[in-house]
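Q: Next up is a structure, given as structure tokens.
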Amino acid sequence: MESTEALVKSAVAGDTVSYGELVRRFERSVVTTGWSILGDFHLAQDVAQEVFTIAHGQLVTLRDGSSFGSWVLKIARNRALRRRKQEATHRSAVPFMDGFGAVRDAALDEYREELIRAVGQLPEQERIVVVLRYFDGQPVDSIAQLTGRPIGTVTKQLSRAVERLRYLTRKVRS
């Protein structure tokens, strides 16, 4: 498997197959990041398309090809925040997770819906690591690399988020 750094070098040189491989590797994390901010899967997919178009155009500015993952996630976060602001001006204010209903499986039980609502109430930094870890299945070291945070910070954020989720879901059931 070719390294991210080698793929970036090839993509900068004009190899579209290499850029396609970068998109394939990071698309799920980019969509997940967008979803964690927007709460709407379809909007997150739209943002992901924007992100990869922007990243392709700015790829020559990336100094360290091995940091492509964290770089593209920063772009995703910024684009998703911008889109959330645009959506807020076009719609009346709605709770964070309302848009998630579009991708809800009818088979989700009440507890899962409760948990999803609770994830939406987490502080943004915790929500992002929880979504990357438990919804996207990323290992902690990958999350650290993708977000540009130390592994210990990611571990602590996950731990705090899990405790907060326990409290929030217990509070709802009471």
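Quick note: the coordinates plus some simple rules give every number you see, no bench work behind them. These numbers were taken from a predicted model, which means no experiment stands behind them. A quick note on method: Cβ atoms are made from the backbone with ideal geometry, for glycine too, and the neighbour counts reach across all protein chains shown.
Residues checked against (1) more than 10 Å from the chain's Cα centre (by Cα); (2) of a type outside the set (A, V, I, L, M):
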| residue | (1), (2) |
| --- | --- |
| 30 | no, no |
| 36 | no, yes |
| 40 | yes, yes |
| 50 | yes, yes |
| 56 | yes, yes |
| 65 | yes, yes |
| 69 | yes, yes |
| 75 | yes, no |
| 80 | no, no |
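Q: Go through the range 120-174 and give me each residue that's loosely packed, with under 13 Cβ neighbours inside 10 Å and within 13 Å of the chain's Cα centre (by Cα).
A: 124, 137 - these are the residues of the range 120-174 that are loosely packed, with under 13 Cβ neighbours inside 10 Å and within 13 Å of the chain's Cα centre (by Cα).
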